[in-house]
1. At a 1.4 Å probe radius, carbon and sulfur cover how many percent of the accessible area of segment 1-131?
2. May I ask you to give the solvent-accessible area per residue for the chain, in square angstrom, as obtained with a 1.4 angstrom probe?
3. For ARG244, what charge total do you get from the other residues with a beta carbon under 15 Å from its beta carbon, if Lys and Arg give +1 and Asp and Glu give -1?
4. So how many Lys-Lys pairs in segment 1-146 land under 22 Å Cα to Cα, not counting same-chain pairs under 8 apart?
5. Excluding ALA166 itself, what net charge comes from residues whose Cβ is under 14 Å from its Cβ, given Lys and Arg +1 and Asp and Glu -1?
6. Which number do you get for Rg(Cα) / (2.2 N^0.38 Å) in segment 217-267?
7. Using only the Cα atoms of the chain, what are the Rg and Dmax in Å?
8. Amide H to amide H under 5 Å from THR20: which residues, 5+ apart in sequence or cross-chain, H placed 1.01 Å off N in plane?
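The values are calculated or read from the model by the stated rules, or taken from the named source; none is laboratory data. Keep in mind it's a predicted model, so treat the numbers as computed, not measured. Every residue, glycine as well, gets a Cβ built from its backbone with ideal geometry; the counts of neighbours run over all protein chains shown. Heads up: the accessible areas ignore ligands, DNA and RNA and are worked out on the full protein's heavy atoms, side chains in. Shrake-Rupley method; radii C 1.70, N 1.55, O 1.52, S 1.80 Å.
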Amino acid sequence: MGDASRAIMRQARKQVSEWTPAQANDALAQQHEAGSDNQDIVLVDVREKYEWNEGHIPGAVHVPRGFLELQIEEAVPDKSKTVLLYCAGGVRSLMAGKTLQDMGYENAISMSGGFGQWKAAGLPFVQPRVLTDVQSKRYSRHLLVPEVGEAGQFKLLDSRVLFIGAGGLGSPAAYYLAAAGVGTLGIIDADVVEESNLQRQIIHNMSRIGQYKAESAKQTIQELNPDIKVITYIERLDETNVARIIADYDVIIDGTDNFPTRYLLNDAALLANKPVVHGSVFRFEGQVTVFKPYEGPCYRCLYPEPPPAALAPSCAEAGVLGVLPGVIGQLQAVETLKLLLGIGDPLVGRLMMYDALAGEFNELRLFRDPNCPACGEHGHPENLPTYADVCAVPARS
Ligand SMILES: [Zn+2]
């Protein structure tokens, strides 16, 4: 430290009061006991982000010294509060105290010895969770979006999404959610990859023909993002396994193409209170909605019964434009991210319909049926018929 620096420090010491770590700890403990209405002291850590990341005092607010003048009034709007500042060794916090006084803060205090002495005294500190360097790079475009940010990325990494089917809808949805960093993806599918799948089921490829779709999807996802845990279920969803499998997930993406599974899933999701992001496609048309138990309608509110089998063309006859499940599956992925992050307006009680030939999106309001056998006033989602297997066509509204 040069002479000029020492002079500045001497001056700052005259102006700014100092507390030892023990004094600071006592004051914070007293405040803790006083309850949330009686919080006079605001603890501010003025170190750099990398120092904060290595550990900080519980309850501290992080305002790096370099941003102090710009951010402190947002962090501590009430200038009559006691602002207890700390850094690593007690020098930067002393200077910061002087700055706060100049800005009109009535009681700025610096903790002498800083975080180093606090730690050495065996006082409590927390180590915040941080993204690894690889994660920071991979998810940088999420970190730049305030509605996602680091906290949102952690939410996604901690989230669990189940895909019913690794087919036309599940392929793009799973691929994008893996890229977005949804930490655990469950995939249930008992089928194997066939050549006729590759026209739309982009998570598979030629070399996977004959492999289980769930395993093929897992391989593609792990090549894209090794951060993601993929759990595969080589089985069909039925009454005996549905409750067990969906119990572990936050959101379920319905990519099924058969009615019995939709009814089965609907009832089990209501019982377990899990949101289902529903999608379906038919030739040039697709639709997507979110079934959020007891907040919006359920599948049975809309379609208490499947259409008669005679009116439903077989899957092979119906056909679908190859890209269409991509559009709908990606909309399902978007809705899922919104639910996981708690942002935006999910498609609860709204059916978004896409007509590829017309190039039009339309929306239909959907309402809960008070007489719904599953979620209605007198309904109960248990032991309801799940109907015989008929091939899928989107139910028309
Ligand atoms: Zn219902």
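1. Values: 3440 of 6980 Å².
Ligands and nucleic acids excluded, carbon and sulfur give 49 percent.
2. Numbers: 19190 Å² over 397 residues.
That works out to 48 Å² for each residue.
3. Details: positive: ARG160, ARG236, LYS274; negative: GLU235, ASP238, GLU239, ASP248, ASP267.
My count for the surroundings of ARG244 gives -2.
4. Numbers: LYS14/LYS79; LYS14/LYS81; LYS14/LYS98; LYS49/LYS98; LYS49/LYS119; LYS49/LYS137; LYS79/LYS98; LYS81/LYS98.
Final tally of qualifying lysine pairs is 8.
5. Working: positive: ARG200, ARG208, LYS213, LYS218, ARG236; negative: ASP189, ASP191, GLU194, GLU215, GLU235, ASP254, ASP257.
Here the count lands on -2.
6. Numbers: Rg = 12.8 Å, N = 51, 2.2 N^0.38 = 9.8 Å.
Here the answer is 1.31, to two decimals.
7. Answer for the chain, Rg first and Dmax second: 28.2, 94 Å.
8. For THR20, whose amide H was placed from the backbone, the distant partners under 5 Å are SER112.
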